[in-house]
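A.B. asks: Provided herewith is a single structure, encoded as structure tokens, for subsequent inquiry.
Read-outs throughout are calculated quantities, based only on the coordinates presented, and are distinct from any laboratory measurement. Remember, it's a predicted structure, so these values are computed and weren't measured experimentally. All Cβ positions, even for glycine, are placed from backbone atoms using ideal geometry, and neighbour counts span all protein chains on display.
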Amino acid sequence: MRWAVLILILAVAGGAASGSGFDHTVLERFDYAGLSGGEINFEPSRLCRPGFGALFLHTDPYQISSLSWDFAAARYSWRGLGFYASYRSYRLERLYNDVTASAGLAAPIYNRIYSLLSVSHRYEEYCGAGNYGRLDATLRISYNGGDFVGQAGLEEIVLKKPYEIPGGYRPEPTVRATYFASADIGLFVGFRHDTLGRGRWTFGQEVAITPGFHLRLGFTNNPNALEWGLDLSYKSLTFIFDYKAVNKLSDTVIIGLSIGN
């Protein structure tokens, strides 16, 4: 009975509770250029910065102890090119296992314009009901003007279908922008048109209270998710704490560690 209830919760929640939907909810903040110089960031110009970085995140989504989500990523820049690789696991004990491995290359195109091409392989295992593999690609172009960083992209371009779905698989156009009002304040706005045909808006703000203490506030719709979080940094280490209040689901707490220069 307990397993039936968990499956029903995930079904009612829709895209937010699926592996990719939850990824978007948690990882969206890392797609924007942030105030922190050492933190891993998947905005193309940030990936091309000299140095190395690593990121580790964990949560039990929606306070369901049998459901776990883990993410690890590393980046490295060489001769102006940015490389990254990531691994994500989304698992419902004894019922469902969803693993995604990704790799990407970012490069300067001209002056302040950068590009990113990444490929992801996703493996889904429904225990007792079959296994499925999916191959996606993502393309992003960004402009880094210093105080303003803008991005446009086409994400989740399906190269290999795991199975057919009503309406088929559609790439997800995205637009993101960051404006640094000062050295201590960053404002974010973004839009994603997801494969289900929904428009998802994201609004956020990051404030550096002190050089080692950053506070974040944000909101995403479809489904509605209110976020607040804080980053505590010491030298090259950053402790990450995120709290997300998600519509129709229990609140989620994400903890993580970022290492970088």
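A.B. asks: Run down the aspartates and glutamates and flag those whose C-alpha is under 16 Å from the C-alpha of Lys235, throwing out any fewer than 8 positions away in its chain.
C.D. replies: Cross-link targets: Glu39.
A.B. asks: Further question on the same structure: How large is the helix-only mean residue ellipticity at 222 nm for the chain, computed as the sum of -39500 (n - 2.57) over DSSP H runs with n ≥ 4, divided by its residue count, in deg cm²/dmol to the nearest 500?
C.D. replies: My calculation for the chain gives -2500 deg cm²/dmol from helical runs alone.
A.B. asks: Still on this structure, please answer the following. Restricted to Cα positions, what overall size does the chain have along the principal axes? Three whole-Å values, descending.
C.D. replies: Its Cα atoms span 53, 36, 29 Å along the three principal axes.
A.B. asks: Along each of the three principal axes of the Cα atoms of segment 77-144, give the extent in whole Å, ordering the values from largest to smallest.
C.D. replies: In descending order, the Cα extents are 53, 17, 16 Å.
A.B. asks: Sorting Asp60, Asp194 on the 10 Å Cβ count, fewest up front, what's the list?
C.D. replies: Ranking Asp60, Asp194 by Cβ neighbours within 10 Å, fewest first, gives Asp60, Asp194.
A.B. asks: For Asn224 paired with Asn131, estimate the spin-label separation in nm (one decimal), with each label point 7 Å from Cα along the Cα-to-Cβ line.
C.D. replies: Spacing of the two 7 Å Cα→Cβ label points: 4.2 nm.
A.B. asks: Taking 0.36 nm per intervening residue step and subtracting the Cα-Cα distance, what contour gain separates Ile157 from Ile185 on full extension?
C.D. replies: 6.7 nm
A.B. asks: Set the Förster distance to 22 Å, then compute FRET efficiency between Leu257 and Phe203 from the Cβ-Cβ distance, nearest 0.05.
C.D. replies: Efficiency at R0 = 22 Å is approximately 0.25.
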